[in-house]
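> Sending over a structure as structure tokens; questions will come in a sec.
The values are calculated or read from the model by the stated rules, or taken from the named source; none is laboratory data. Predicted model, so just to flag it, every value in this text is computed and none were measured. Cβ: placed from backbone, ideal geometry, glycine included. Neighbour counts: every protein chain shown.
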Amino acid sequence: MPLDPVTQIFLAQLAEQRDPPIHESTPAIARMSGPIMSGLSGRGPEMASVHDLKLDAADGGRVRVRVLVPEGEPQAVVVYFHGGGWVIGDIDLQYDHVGRHLAQLTRSTVVLVNYRKAPEHPFPTALDDSWVGLTWAASHAADFAPAGVPLIVAGDSAGGNLAAVMARWARDRGGPTVDCQVLVYPVTDCDFERPSYLAPENQLLLGRETMIWFWNHYLPDDSARRHPDASPLRADDLSGLPPALVYVAEYDPLHDEGVAYAQALADAGVPVTLEEAAGQMHAYFQMANILPGYAAGIALVADYIGAFVAGRADGPVQRKVV
């Protein structure tokens, strides 16, 4: 379907400002968009409790996490890794409202992980920080939710990349047990020649040149990008991973690699639901009160998590598979 009309208006307004695209900026300048988007999106719903903590990283650094506990008894613990090309984005200005909406709609405790960013902290720092956040959340889950509720990893874009790798690390490292993974337009490969990367209609807020810019800051070595910890689609074995929702955007350079990852998971015997946000561009999933695709997208994710939790308790739930 055509690009969402509201998105077209939003992009036209951005064009009128004549700001340079991200790939012509520095990381510091690119990060300045956070307060603007935060002001437009709003704060999100109130929580029963909010806990901000700092965790020790393996290299002596610190990793911030925010625990959002909704009203009522939480049904799951969702560890969420935010997007931003491993360079921009944070749990304060750009993703606090996403976590709050997700917590409210899923009736789950949401743990937002503020992994450190490239280029100051290049690959694999974001992964190592994400592992610190995940393992902490698993070991402290009973502090914020009833014992035994599902542990879910989730993320969008670069955060989807991190969530996918965390699911595989948990399998290969003997735990913690991850029960489900939710990947919203995830980065799964380093191939910039896929059709969705080259399609002119996909060169919007995120285009091919911008993704190359992100990769150059996160992992400049082309050959190293092929490692499955950077490009999870290239993992030799995806079997035994938790059930997955892979949710791609129609107008997105990352569309084809998301579909390919869903297919690879299915080929490995993993239950997969593949959904496409028709008429939406990359980044819509963080744009509450800006793009209508946000409300529809987060509702779809919440419905999937709700169905998964219900199915885990009451028996198999019918889900769309690749």
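> Looking at Glu250, Glu257, Glu275, which one is modelled with pLDDT of 95 or more, within 19 Å of the chain's Cα centre (by Cα) and farther than 21 Å from Gly85 by Cα?
Among Glu250, Glu257, Glu275, only Glu275 is modelled with pLDDT of 95 or more, within 19 Å of the chain's Cα centre (by Cα) and farther than 21 Å from Gly85 by Cα.
> Could you list, in sequence order, the residues of the range 68-93 that are surrounded by fewer than 24 Cβ atoms within 10 Å (Cβ to Cβ), closer than 18 Å to Gly44 by Cα, in contact with a Gly (Cβ under 9 Å, 6 or more places away or on another chain) and in contact (Cβ under 8 Å) with a residue 60 or more places away in the chain?
None - no residue of the range 68-93 is surrounded by fewer than 24 Cβ atoms within 10 Å (Cβ to Cβ), closer than 18 Å to Gly44 by Cα, in contact with a Gly (Cβ under 9 Å, 6 or more places away or on another chain) and in contact (Cβ under 8 Å) with a residue 60 or more places away in the chain, so the list stays empty.
> Just one of (1) under 16 Å from the mean Cα position of the chain (by Cα); (2) without any contact (Cβ under 8 Å) to a residue 60 or more places away in the chain; (3) more than 21 Å from Ala283 (Cβ to Cβ) trips up Val50, so point out which.
Of the numbered conditions (1) under 16 Å from the mean Cα position of the chain (by Cα); (2) without any contact (Cβ under 8 Å) to a residue 60 or more places away in the chain; (3) more than 21 Å from Ala283 (Cβ to Cβ), the odd one out for Val50 is (1).
Residue-by-condition table, conditions (1) under 16 Å from the mean Cα position of the chain (by Cα); (2) within 20 Å of Val110 (Cα to Cα); (3) touching a residue at least 60 places away in the same chain (Cβ under 8 Å):
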residue	(1), (2), (3)
Tyr261	yes, no, yes
Gly279	no, no, yes
Asn289	no, no, yes
Ala302	yes, yes, yes
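> Counting residues that are among the polar types (S, T, N, Q), out of contact with any Asp or Glu (no Cβ under 6 Å at 6 or more places or on another chain) and buried (at least 21 other Cβ atoms within 10 Å of the Cβ), which helices (runs of 4 or more DSSP H) fully inside the range 97-207 reach at least 3?
Where helices (runs of 4 or more DSSP H) fall fully within the range 97-207, none carries at least 3 residues being among the polar types (S, T, N, Q), out of contact with any Asp or Glu (no Cβ under 6 Å at 6 or more places or on another chain) and buried (at least 21 other Cβ atoms within 10 Å of the Cβ).
> Of everything in the range 158-188, what is more than 15 Å from the chain's Cα centre (by Cα) and either of a type in the set (S, T, N, Q) or closer than 19 Å to Tyr251 by Cβ (or both)? Give them in sequence order.
Residues of the range 158-188 that are more than 15 Å from the chain's Cα centre (by Cα), as a first pass: 168-179.
Of everything in the range 158-188, just one residue is more than 15 Å from the chain's Cα centre (by Cα) and either of a type in the set (S, T, N, Q) or closer than 19 Å to Tyr251 by Cβ (or both), namely Thr177.
> Taking the range 232-272 as the region of interest, how many residues are of a type in the set (Ser, Thr, Tyr), under 23 Å from Ala307 (Cα atoms) and buried (at least 20 other Cβ atoms within 10 Å of the Cβ)? Break it down into steps so the answer makes sense when it comes.
Our first condition is that a residue be of a type in the set (Ser, Thr, Tyr); within the range 232-272, this holds for 239, 247, 251, 261.
When the remaining residues are screened for being under 23 Å from Ala307 (Cα atoms), the result is 239, 247, 261.
Filter once more, so that each one left must be buried (at least 20 other Cβ atoms within 10 Å of the Cβ): 247, 261.
Of the residues in the range 232-272, 2 are of a type in the set (Ser, Thr, Tyr), under 23 Å from Ala307 (Cα atoms) and buried (at least 20 other Cβ atoms within 10 Å of the Cβ).
> Turning to a different aspect of this structure: Could you grab me the full set of residues in the range 47-88 that are in contact with a Ser or Thr (Cβ under 9 Å, 6 or more places away or on another chain) and among the acidic types (Asp, Glu)?
Matches in the range 47-88: Asp59 only.
> Continuing with this model, one more query. Hey, does the range 76-94 have a residue that's farther than 18 Å from Ala163 by Cα and touching a Lys or Arg at 6+ places or on another chain (Cβ under 6 Å)?
No; the residues of the range 76-94 include none that is farther than 18 Å from Ala163 by Cα and touching a Lys or Arg at 6+ places or on another chain (Cβ under 6 Å).
> If Ser239 meets every condition in (1) assigned to a loop (DSSP other than H, G, I, E, B); (2) farther than 18 Å from Asn161 by Cα; (3) small (Gly, Ala, Ser); (4) over 16 Å from the mean Cα position of the chain (by Cα) apart from one, which number is that one?
(2)
> Yes or no: the range 210-221 includes at least one residue that is part of a helix (DSSP H, G or I), surrounded by fewer than 20 Cβ atoms within 10 Å (Cβ to Cβ), touching a residue at least 40 places away in the same chain (Cβ under 8 Å) and not hydroxyl-bearing (Ser, Thr, Tyr).
Yes, there is a match, as at least one residue in the range 210-221 is part of a helix (DSSP H, G or I), surrounded by fewer than 20 Cβ atoms within 10 Å (Cβ to Cβ), touching a residue at least 40 places away in the same chain (Cβ under 8 Å) and not hydroxyl-bearing (Ser, Thr, Tyr).
> Would you check if Ala58 is modelled with pLDDT under 95 and more than 30 Å from Glu250 (Cβ to Cβ)?
In short, yes.
> Okay, moving on. Just to be sure, is Ile91 β-branched (Val, Ile, Thr) and assigned to a helix (DSSP H, G or I)?
Criteria not met by Ile91.
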